[in-house]
Structure formats: structure tokens, C-alpha cells
Number of protein chains: 2
Amino acid sequence: VVPHAASLQGMELSRWTVIVIDAIRASSTIAQAIASGCRRVIPVATIREAHATRRALAADRPLLGGERRGLRIEGFDLGNSPREYTPEAVAGRSIILTTTNGTKAIRAAAGARAVLSGAFVNLPAVVAQVRRRARVLIVPVGRSNAPVLDDVVCTGMFVERLLEVGATATPEAEVARMAYAGYRDRLVDALRESASGQALLKAGLGDDLPYCAQVGLLNVVPRLENGGLVP
Amino acid sequence: VVPHAASLQGMELSRWTVIVIDAIRASSTIAQAIASGCRRVIPVATIREAHATRRALAADRPLLGGERRGLRIEGFDLGNSPREYTPEAVAGRSIILTTTNGTKAIRAAAGARAVLSGAFVNLPAVVAQVRRRARVLIVPVGRSNAPVLDDVVCTGMFVERLLEVGATATPEAEVARMAYAGYRDRLVDALRESASGQALLKAGLGDDLPYCAQVGLLNVVPRLENGGLVP
């Protein structure tokens, strides 16, 4: 476990399976998009890159999704609320996604042996997938270049579940587990208290919080392959 | 903030003020001993070293204190319960203290610019002492070479109080603060759930837990000087 996405800078990741966690909301949205049958989610860093990628993939008729300051970007098809990513909206489609923190972090981990997207909603599925792997690095993405509570608590829950199936934890992973311990029976409180959650509440998007706190809602493991997250 | 005392190995500490935190119980006991007017608390690593130090300081008539498996060591004057360290027992005396984790960690930090002993019971006093210092390293001691909840939560409370008076925090310190956040209004729960607290409950010493959770009970800042902790 590292404290936040910026910690990845300069790390040699080629032997590691990396789980990128942006619980509010990119990782939850990606899991929902995959569960709703989209073809792939292509994470990009900037709005400009999103438009350029759409032009490059024009024959594929991709959708544009994402947020800035929590809200749907002008001219985009979808925002960053997982509840928008219904089968009706996304089944069979490629989605180009850009969010303030999460999609950048996935891109930053691209040199890893494997990159998975994890959240509360698909935590058991991801744990089952990685439980036999030798080196698992969990990255709570954070916000404004600092750790945030929702991602660290989600990371700590991954640590606890992995310990239960025989993993060993670094001291840093144990500390993340302690951040989960205090919110074990009240995950929605952690999401509400988090800087990410506070920003979402201010933007009027608070209904996404209980949605993102549903552990195991979705049985999907989004995995980065050729620049796109696929089932 | 480092995750536990073992992290100090090989660190160059000469420019750092180090706060060593073993909330259950060495740091609470040291604070109580100082508050009760003892002359100094000399932390030593082993029982053998405790006896040798008593012989070397025979003219000073030092008391022997400490624990193994939570219990008073045979032939010692005092255990490691802060409630034993009353003015009647320790005023004016030197105390040679050996505990399973805490006193070793203080010794491991001895190369620092300053070494302070911090716990919930003297947290505000220590925060007031270090608030203007340039480099403060907080060490939650841990147990069995792993982090423990009581020390990490206490560390997180130090981080929060230092942020309130203008400090900046590393990402690792922010994560410790999140471990505190989940127990903010129920510190005794953290102490009870901690591996240290569990061991204490099993040893029949559970009454020490609410004692150690009393934030600001004691207005003392134990500081290491010439091998002894003094006011």
C-alpha cells in the first residue's frame, strides 16, 4: 500500500499487480460501466485527450464520460456518476473517461504487470482475482495530491480481506487497515466525511455516496489491456 | 510519521524531534511517573540491563519498573501500570524501566535532536512543546514488529492537533490521522480493539485502558537527556 497516487512516481511496477482505488467515484463508475456490458473504458488524463481519442476511434462511435469539479463536462455524453452507466446507456459501447484523479492514476500505473480498478462495489471480485498473486500494490488514489478517507478506508478493507485469505501485509498496509477498522460498520460515514464526499455533497450529488458504499454489488474485475479497461 | 518503531532502523535522526508513542502503556506510565515527581525514568531494553543499571547507580537507590507479558517482572519494585506510579511510590526517585516495546523504541531514537515521550495523557503538552519545531517525526511504537491500533490512533490525534496549529503533514501522517478519525469520539474502543489492549484485557489489567485514554490528564513533556527521561 502506498499513501496516494503521487507515490507511484518513479516506481518500477513491472513485477506488481496494482489495484487502483478511487472509490468516489471513478472506480465505482468503471465497475458499473463494465457490469452494464460496455465494450471497454479508456481512461484519459485530459479533456483534450478525450476529444482526440474520440476522433481517432470515430469508427467505434465511443461515448465521452467524465467530470471536472464533480460535474459532467460540456459536450460529453455522460458524467461520472455510476448510476448513469446503465446497460441502456453503455452496453456494447466504448467509453472514453476522464476524471480529476482516478483516470490519471490508472494511466500512471500502466507499467505494472497488471492494473485492476477496485472499489467497494467490486471488492470481493477483485480480492478473489488477486488472492494468489505474489506482489499486490494497492493505490488509494487521493485528491489534490493528498490521501482521502474514502480511498484509504477502501484500501484498508482490501487489506483485511486479503489477510483473511492468507496474504501478509506491510506495516503501511496495516495502518490503512486501521483506517478501515474505525469505519467498519459505517462505511457511508467515511464516504460522507471524506474530502471527496464533501465535494460531492456540495455539488448536489450526494446520492452517489450510499451507491458507492455497496460492498460487492458488482461481480466484475476491470483490467487494463491495450489502454482500455475490459472485463 | 513512520508506521512503527522498526522503521527507525538506519534512519539519520540528528535533525529531527522524535515523539515516541506507546500509548498502552509505557508512554502513559512515563508521563505519570514524571507527573508524580520522580527524578528521572531511565529506559533500558532488557531485564539484565535493568539490574546492571541499578548496580551502577546504587548510590541513587533507583527503583526497578517494567513488564514482560504485561506483568511485573519478578524482583522489580513496580510493574508497567501508570496507576502504580503515584507520588507516594516514586517522588524524588530514579526509575529504571524496561517494557516489551516502548523502552526499546525510546532507546532506538536516542540519536535524534530531541526525543519526547507522548501518549493521550500528555498529548496537549507535547503538541504545545513541538508546535514551532521544523521537523517532527512521530513514531507509533507497535508490538511484535507490527503497528498497533492504540499507537497509530494516538499518532493520528497528534497529527490532527499539529495541523490545527499550522503544521503540514506528509501523506503517511494523513493516513495515520484517518485511523484516528474513525475513533475520534470513542478512543477507549480503539484501545480495547488494539492488540496491546487485547493482551492487557487477557492479563486482567483492563482498568488501565480508560486511564490511558484520558487526553490531557497530565501536563508533562518527558524528554530524554543523558539516557534518562526528565521533565
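Just a few scattered comments:
So that you can scan it fast, the table gives a plain yes or no per residue for (1) aliphatic (A, V, I, L, M); (2) in a loop (DSSP other than H, G, I, E, B); (3) surrounded by fewer than 23 Cβ atoms within 10 Å (Cβ to Cβ):
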| site | (1), (2), (3) |
| --- | --- |
| A:95 | yes, no, no |
| A:107 | no, no, yes |
| A:122 | no, no, no |
| A:137 | yes, no, yes |
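- Among the numbered conditions (1) open to solvent by less than 40 Å² (accessible area, probe 1.4 Å); (2) part of a helix (DSSP H, G or I); (3) farther than 19 Å from residue A:223 by Cα, the only one that residue A:76 does not meet is (2).
- Filter pass, residue B:191 being closer than 23 Å to residue B:125 by Cβ and either modelled with pLDDT of 95 or more or out of contact with any Leu (no Cβ under 9 Å at 6 or more places or on another chain) (or both): yes
- Subset of the range A:193-218 [within 20 Å of residue A:160 (Cβ to Cβ), away from chain B (no Cβ under 14 Å) and surrounded by 14 or more Cβ atoms within 10 Å (Cβ to Cβ)]: A:212, A:213, A:214, A:215, A:217, A:218
- Scanning the range B:147-156 for residues that are within 19 Å of residue A:190 (Cβ to Cβ) and within 8 Å of chain A (Cβ to nearest Cβ) returns B:149, B:152, B:153.
- Sole exception among (1) open to solvent by 60 Å² or more (accessible area, probe 1.4 Å); (2) over 19 Å from residue B:105 (Cα atoms); (3) within 13 Å of another protein chain (Cβ to nearest Cβ); (4) not hydroxyl-bearing (Ser, Thr, Tyr) for residue B:159, by number: (1)
- Residue satisfying condition, being within 14 Å of another protein chain (Cβ to nearest Cβ), under 24 Å from residue A:197 (Cα atoms) and of a type outside the set (D, E, K, R), within set A:78, A:8, A:71: A:8
- Here residue A:69 meets the list (1) surrounded by fewer than 24 Cβ atoms within 10 Å (Cβ to Cβ); (2) at pLDDT 95 or above almost entirely, failing just condition (2).
- The one condition in (1) part of a loop (DSSP other than H, G, I, E, B); (2) within 14 Å of chain A (Cβ to nearest Cβ); (3) open to solvent by 40 Å² or more (accessible area, probe 1.4 Å); (4) touching a helix residue (DSSP H, G or I) at 6+ places or on another chain (Cβ under 7 Å) that residue B:177 fails to fulfil: (1)
- Just so you know, in the range A:180-192 the residues that are more than 9 Å from chain B (Cβ to nearest Cβ) and in a helix (DSSP H, G or I) include one that is most open to solvent (accessible area, probe 1.4 Å), and it is A:192.
The values are calculated or read from the model by the stated rules, or taken from the named source; none is laboratory data. This one's a predicted model, so the numbers in the text were calculated from it and none came from an experiment. Glycine gets a Cβ as well: all are built from the backbone with ideal geometry, and neighbour counts include every protein chain shown. Each accessible area value is taken on the protein alone, full model and side chains, heavy atoms only, with ligands, DNA and RNA left out. Shrake-Rupley method; radii C 1.70, N 1.55, O 1.52, S 1.80 Å.
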